[in-house]
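Following: one structure in structure tokens, then a few remarks.
Values in this text are rule-based calculations from the coordinates and carry no lab data. Quantities reported herein were computed from a predicted structural model and do not represent experimental measurements. Cβ coordinates were reconstructed from backbone atoms using ideal geometry, including for glycine residues, and neighbour counts include every protein chain displayed.
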Amino acid sequence: MTRNTPTREECARLDARDPLARFRSEFVLPEGTIYLDGNSLGALPAATPERVAALVEQEWGQHLVRSWNDAGWWEKPRDLGAKVAPLIGAAAHEVVVGDGTSANLFKVLVAALRLNPRRRVVVGESGNFPTDLYITQGVTELMGVSERRYDPRRQSLREALAPGDAAVVLLSHVDYHTGELRDMAEITRMAHESGALVVWDLCHSVGALPVHLSECGVDFAVGCTYKYLNGGPGAPAFTYAAERHHDTARQPLSGWHGHARPFDFAGEYQPAEGATRFLSGSQPLVADAALEASLDMWLRADLGEVRAKSLAMTELFIELTAAAGFGVVTPLPAARRGSQVSLSHPDGYPVMQALIERGVIGDFRAPDVLRFGFTPLYVGYVDVFDAAACLRDVVETGVWRAPRFSRRSQVT
Ligand SMILES: *Cc1c(COP(=O)(O)O)cnc(C)c1O
């Protein structure tokens with residue numbers, strides 16, 4: 001520990017001054033747990049169970065099929081999109097909520113390739129989240145184009161774009177493994193200059209920091225809502241399409257919810273206006289109700305305050321664990337950090353299991369990374385202090401060597 005590292009008392013004073021502290025009571029959190037995995041599955045907002053129950057008992061149970069009109073079910077993908085929009089710096093009509101991130105990636109990648117038909121290459125990072133890599137593989141096979149993966153540790157994006165053949169660049173705004181934040185404005189500008197469109201995956205940045213899609217001139221973006229946005233396990237994802245592409249973009253899963261006049265029940269597909277054309281079919285309204293309860297809370301949160309506290313917490317955690325023998329995978333400059341700290345340790349898996357048994361929940365990503373997500377609405381500075389102390393203790397005492405901690409579960 002450095003001399004300036006705060007004490008537990010100083011952390012308590014930071015909590016007392018924290019403008020976001022009032023949100024903590026809006027979450028259900030188990031007693032005795034410090035939850036640092038909100039970057040994987042966000043915590044449960046206290047308002048959610050009642051909202052889900054109201055949908056099930058009233059809207060479904062009592063009003064039945066009339067709820068498509070009376071309870072706004074039909075409009076839900078657009079209404080939820082309008083609530084996500086301010087969190088990602090987009091206009092309301094540029095965002096819809098529906099389907100999952102993987103499916104939405106498929107839709108926007110194909111749409112982007114069709115908008116840039118003379119180019120034949122999708123460029124992306126080799127270390128991107130697996131579903132991004134797999135969907136890209138599926139799309140390139142289907143569309144008969146090729147893929148160029150680059151490793152940013154060995155090659156720059158500029159070099160990957162040098163051949164001048166890139167149709168689309170697909171990147172994650174914050175890397176799921178390292179927690180590195182990319183410069184969206186600069187990368188988007190560079191891609192456009194080379195003649196490519198840009199798709200950003202916001203899974204690890206939405207709700208973690210302010211995102212400025214319109215300002216950065218981004219073409220398309222997707223993101224999930226069950227991580228930092230607390231929408232619930234498997235909650236529906238969002239799709240952003242810049243207004244300038246609304247008339248020309250054609251996505252391949254052209255289902256009836258994306259039709260211009262769905263209740264004409266016409267034989268020919270005709271895409272709807274705006275981001276609505278990125279919808280496909282009926283949506284999980286029960287899951288939508290859970291997401292809406294959370295978004296209504298998020299709309300009261302100041303994203304500038306979220307970012308400031310997130311950076312303070314991640315920095316504190318890095319400081320407090322500095323002497324414990326971990327490698328720090330996450331970049332140290334604040335401008336390159338998301339809301340997560342990744343530490344490497346050769347025995348990362350059993351170390352994390354031992355930590356979880358003591359009530360500090362993070363997760364593990366192969367081969368050797370322990371991930372800790374810091375969610376400013378329900379994690380405080382004393383939590384960070386206690387979690388770091390617990391982690392140091394687990395490593396220093398060697399309790400993680402107990403054989404039970406090395407047994408692998410399916411989900412790590
Ligand atoms: C979590 C995550 C996903 C998840 O995709 P699903 O379709 O919701 O399973 C996709 N991309 C990134 C970068 C992620 O972090």
Tensor-based shape of the stretch 74-298 (alpha-carbon gyration tensor, a/c under 1.5 rounded, otherwise prolate or oblate): oblate
Residue-averaged [θ]222 nm for the chain, counting only DSSP H segments that reach four residues, each worth -39500 (n - 2.57): -10500 deg cm²/dmol
Where trypsin sites (Lys or Arg not before Pro) fall in DSSP loop in the stretch 1-48, at most 15 other Cβ within 10 Å: 3
Positive dipole terminus of the chain, leading residue within 334, 152, 117 (C-beta point charges): 152
Residue 58 versus residue 131: modelled label distance in nm, points set 7 Å from Cα along the beta carbon direction: 3.1 nm
Beta bridge orientation in the chain: antiparallel %, DSSP, nearest 5: 55 percent
Relative contact order, percent, the chain [alpha-carbon distance under 8 Å, six or more residues apart]: 22 percent
Long-range amide H partners of residue 44 with built H, under 5 Å: 28
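Please report 96, 411, 382 as a ranked list, fewest other C-beta atoms within 10 angstrom at the top and most at the bottom. Don't jump to the answer; show the numbers that get you there.
Numbers: 96 31, 411 6, 382 17.
Ranking 96, 411, 382 by Cβ neighbours within 10 Å, fewest first, gives 411, 382, 96.
Only Lys, Arg, Asp and Glu count, each charged at its Cβ (+1, +1, -1, -1), so figure out the dipole size of the stretch 261-369 about its Cα centre, rounded to 20 debye. Intermediate values should be presented prior to the final figure.
Details: 9 positive and 14 negative charges, 55 e Å.
My answer is approximately 260 debye.
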Among 280, 403, 293 the positive-end extreme of the charge dipole of the chain (Cβ point charges): 403
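Please state the charge dipole magnitude for the chain, taken about the Cα centre, from unit charges on C-beta atoms (+1 on K and R, -1 on D and E), reported in debye and rounded to the nearest 20. Each step should come with its number before you reach the end.
On the way: 41 positive and 50 negative charges, 157 e Å.
The calculated dipole for the chain is roughly 760 debye.
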Once exposed loop GluC sites (Glu not before Pro) are cut out (DSSP; at most 16 other Cβ, 10 Å), longest piece of the chain: 76-267
Under-5 Å amide H pairs with residue 328, H placed in peptide plane, nonlocal only: 344
Net charge dipole size for the stretch 168-278 [Lys, Arg +1 and Asp, Glu -1 on Cβ; Debye, nearest 20]: 240 debye
